[in-house]
Amino acid sequence: MKKRILSTILALVVLLCMAVPALAAAPEMLRAQYEGRGYVEVDFKTKVQYKNASVTVKDPAGKTLTAKITDKDSDDLTFHVSGLKPGTTYSFAISGVRKGCSGTYGTVSGSFKTPKSELSVKKAAYDRRDGELELEFYGRVQYKNPKVVIKDTTGKTYTCQISELDRDEMEIGIKGLKSGKYTVKITGIRLRGDTAYTSITAAFRVR
């Protein structure tokens, strides 16, 4: 009787050992975001490991684009794609990745969308405590006498001042914004290498 019980326990242990690697083989993706200039960042929910990792990217018609992994970390990965078109959704599959430190290496699939223009705002975040609006652009930009106008939904304009300029972001000092929706318009800006300076507009929310 004891031998039968021990045999049953051993069998269960073997099954569990086989099941754990299977469960560990499929990492979960947190998000995939287009970063500009053909780069896409993929964030995972947990730590991952790689083995001969590669990426395949396809357009809506199923055509495979040239893509290459440029950076790997324990919880994120970046790849570059050539020939992307604006305002288009692409699918991708990353092979040779696993969850944690055990199990077989599998494939993670997802999609990302390119903006209608590389010269656009990727992220706009307002910090009430500091009275700062931080804008992050998709591409690297250049400035020439830049100016900023911020309005709320009623058309009211707010006094603001550019406090910092960088090649892919801008910080604007503006105090007193209350909860609601706003728009920011930037003039005197262009993508690096373009010939003409232009203007861009983006919406943001204060909570």
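With respect to residue 117, determine if the residue is surrounded by fewer than 18 Cβ atoms within 10 Å (Cβ to Cβ) and modelled with pLDDT under 95. So residue 117 fits the description; yes. If the condition is being assigned to a loop (DSSP other than H, G, I, E, B), among the small types (Gly, Ala, Ser) and buried (at least 16 other Cβ atoms within 10 Å of the Cβ), then region 54-97 contributes no residue at all. When the residues of region 105-116 are filtered to those that are touching a residue at least 60 places away in the same chain (Cβ under 8 Å) and assigned to a loop (DSSP other than H, G, I, E, B), the one that is farthest from residue 51 (Cα to Cα) is 115.
Of all residues in region 98-114, which are crowded, with 17+ Cβ neighbours inside 10 Å and on the phi > 0 side of the Ramachandran plot? Correct list: 103 only. Every condition in (1) on the phi > 0 side of the Ramachandran plot; (2) in a loop (DSSP other than H, G, I, E, B) holds for residue 26 except the one numbered (1).
Using the structure shown, decide if residue 133 is modelled with pLDDT of 95 or more and hydrophobic (A, V, I, L, M, F, W, C). Yes.
Looking across region 129-173, just one residue is of a type in the set (Asp, Glu), outside any strand (DSSP E or B) and crowded, with 16+ Cβ neighbours inside 10 Å, and that is 168.
Of the candidates 134, 169, the single residue that is of a type in the set (Asp, Glu), farther than 30 Å from residue 67 by Cα and touching a residue at least 24 places away in the same chain (Cβ under 8 Å) is 134.
Counting the residues of region 28-43 that are free of Cβ contacts under 8 Å to residues at least 24 places away in the same chain and within 9 Å of the chain's Cα centre (by Cα) gives 1. In summary, residue 140 fulfils each of the numbered conditions (1) at positive phi; (2) at pLDDT below 95 with the single exception of condition (1). Annotation: of all residues in region 190-203 being modelled with pLDDT of 95 or more and either under 23 Å from the mean Cα position of the chain (by Cα) or outside the structural domain of residue 137 (by TED's automatic domain parsing) (or both), the one that is farthest from residue 125 (Cα to Cα) is 190.
The values are calculated or read from the model by the stated rules, or taken from the named source; none is laboratory data. All figures in this text were calculated on a predicted structure; none of them were measured in a lab. Ideal geometry is used to build each Cβ from the backbone, glycine not excepted, and the neighbour counts take in all protein chains shown.
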